[in-house]
Amino acid sequence: MKKVLGLLLAAAMLFSLAACGAEERNAQPERNSDTSDPLAAQYLADYMLVTARLPELPDMPSQEELMAAFEQIDYDKMGAEAYQQAQEKIWDDWDTRSRAYADAVREFRGDGVDEQFTGGFLDYTKATALQLFSAHSGENVIYSPANLYLALAMLAETVDGESRAQLLDLLNLDSIEQSRKCADSLWRNLYSETAYGKCLVANSLWGNEKYEMKPDTLAVLSDTYHSSVYRAPMGDGKTDSAIAEWVNENTNRLLSEAAQFETKPETLFMLLSTLYFKDQWSDTFHEGATSRDSFTNARGAEEEIDFMHRTDDALSFFRDAENGCTVAELRFRSGNAMRFLLPDEGVTLESLIESGAAVGGLQVYDRGVCLEVGKVHWSVPKFDVSSDLQLIDALKRLGVTDVFDDEKADFSPLVDLDEAAAVTSVQHAARVLVDENGCEAAAFTAITADATAALIEELPEIEMNLNRPFAFMITGVDGLPLFIGTVNTVK
């Protein structure tokens, strides 16, 4: 029996290390075959020009798989010696597969995301989030910095001159070469799948069949951004259905209402990027502790909603007494986290957004700020929030202007044009669902270009009762923001 316990403890320790890495493989979100469009799927195949290169890595053995293997052997039937041999064989097999998986992940991820890129990415996140939250005060705003970053980096590949310079400046990058390096590193470190969850990133470019796209640019999009490339008739309902099907396939159909596209004959291209996330809490909420309570929305009205409850006895948190808010995070089983920022009673989320304290507070875990440790009493509403945003005005306020001006935009890296062209739409839709088991989230960015003519002796206790407007952030590798949002209403 001691041998069994020792093996299981060792397995649990190795598993916890491996899970922090996350598993990558050539996979797609679970598709709901009842709602898929087989005709649109056929169009996807018909229009394919370049197929995305996706990672192919071994499966990560799960702790549950190990436990199930041990349960299959019977001491009474096998005897002591055979039972011990079977134990050791199960452990050796699991250990070998786990180490092979961990080695493959390390090789795939390379050097990871460097500190200089991380700092620039967090600054970009703060700038873009402040613009979006301020422009939609009092509303739910759900946004994926990582998804938009990859879409804008891809857009930079298709333009030149001042249009490219403005995009790189927003992304805090010095050159297109640096952009490629950072985008590839980000993609590799985000793309993951574990026994408990996944974070899948997909990119594609849809070009108008009337124009010849340049092979060098298509090669960069495929190799660096792992992008598929399609060439299709624009202004055609079949193309619109195929584009929607591509988005739905890569977001587990969470955003099917927003994924409604209508191209025009003069559409030069559509650039699409998606991000799908799903994970389980490290410690799930007990369903029996869930109860109805009131959430006071941004207008001051009461909304009845189910609240999940639990207490963490020794959890790191950030208390911002100066601005009047508290930040704490819930961990996922794959090593990711979801942070919550709760304004104090009498302090509005809007005021924290205006001062910059909201987004800054959500980033304190990544900025080296000293955290407190204490007992945290959680009351978290089960919520399903989404938003569908048009980002052109926000991007213009952030300094990206030329790409929207048909007299200044230069798409020569992608296609030679006799007529002028400009980006006419930057749509960003996102959705986040939270329940007792964990979180599921998805986002897509669709860019359309048209041709125109410290420890303490006694731990403090805090209440994270999210019964009023709050902000949140879902983080991935190295704390990079996957999703960030404000919840002003849960109805």
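The values are calculated or read from the model by the stated rules, or taken from the named source; none is laboratory data. This is a predicted model, so every value here is computed, not measured. Here the Cβ is made from the backbone with ideal geometry for all residues, glycine too, and neighbour counts use every protein chain on show. When the accessible area is computed, the model is the full protein with side chains, heavy atoms only, and any ligands, DNA or RNA have been set aside. Shrake-Rupley method; radii C 1.70, N 1.55, O 1.52, S 1.80 Å.
What to note about this one:
- Percentage of interatomic Cα-Cα distances in the stretch 285-366 larger than 15 Å: 67 percent
- A convex hull fitted around the alpha carbon atoms of the stretch 359-491 yields 163 Å³ per residue.
- Overall, the accessible surface of the chain at a probe of 1.4 angstrom is composed of carbon and sulfur to the extent of 46 percent.
- Assigned charges on the beta-carbon of Lys, Arg, Asp, Glu; the stretch 176-318 dipole about Cα centre (debye): 540 debye
- Sum of side-chain charges, residue 484 neighbourhood, beta-carbon under 10 Å (Lys, Arg +1; Asp, Glu -1): +2
- Cβ charges +1 (Lys, Arg) and -1 (Asp, Glu), total dipole of the chain, debye: 440 debye
- Evaluating 6.51 cos²θ - 1.76 cosθ + 1.60 at θ = phi - 60° for every residue in the stretch 317-332, the Karplus couplings come out as 8, 10, 10, 9, 5, 5, 9, x, 7, 10, 10, 9, 9, 9, 8, 9 Hz, glycine and proline recorded as x.
- Using the Karplus relation 6.51 cos²θ - 1.76 cosθ + 1.60 with θ = phi - 60°, the per-residue 3J(HN,Hα) values for the stretch 402-414 come to 5, 5, 9, 10, 5, 8, 10, 5, 10, 9, 4, x, 9 Hz, with x marking Gly and Pro.
- Inter-part distance where the stretch 414-464 and the stretch 96-113 are each reduced to a Cα centre, Å: 28 Å
- For the stretch 271-320 and the stretch 247-270, distance of Cα centres in Å: 30 Å
- Summing Cβ point charges (Lys, Arg +1; Asp, Glu -1) relative to the Cα centre of the stretch 139-228 gives a dipole of roughly 260 debye.
- Residues in the stretch 119-134 carry Karplus couplings, in order, of x, x, 5, 5, 5, 4, 4, 5, 5, 6, 4, 4, 4, 6, 5, 5 Hz; the curve used is 6.51 cos²θ - 1.76 cosθ + 1.60 with θ = phi - 60°, and Gly or Pro positions show x.
- Residues whose amide H lies under 5 Å from that of residue 235, counting only those 5 or more places away or on a different chain, are 263, 264; hydrogens are built 1.01 Å from N in the peptide plane.
- Calculated FRET efficiency for the pair residue 97/residue 46, C-beta based, R₀ 45 Å, to 0.05: 0.70
- Lysines whose Cα lies under 19 Å from that of residue 89, excluding same-chain neighbours fewer than 8 positions away: 2, 3, 77
- Selected from 75, 144, 165, residue furthest toward positive end of dipole (the stretch 24-169; charges at beta carbon): 165
- Average accessible area per residue (Å²) across the chain - probe 1.4 Å, nucleic acids and ligands excluded: 42 Å²
- Long-range Cα-Cα pairs in the stretch 255-322 (distance over 21 Å), rounded percent: 66 percent
- Pairs exceeding 25 Å between alpha-carbon atoms, taken from 278/375; 126/396; 126/264; 264/491; 238/396: 278/375; 126/264; 264/491; 238/396.
- Taking the square roots of five times each eigenvalue of the Cα gyration tensor of the chain, the equivalent ellipsoid has semi-axes of 39, 31, 21 Å, listed largest first.
- Considering only 421, 49, 355, the residue lying farthest towards the positive end of the dipole of the chain is 49, judged by Cα position with unit charges set on Cβ.
- Amide H contacts of residue 490 (H built 1.01 Å from N, under 5 Å, at least 5 apart or other chain): none
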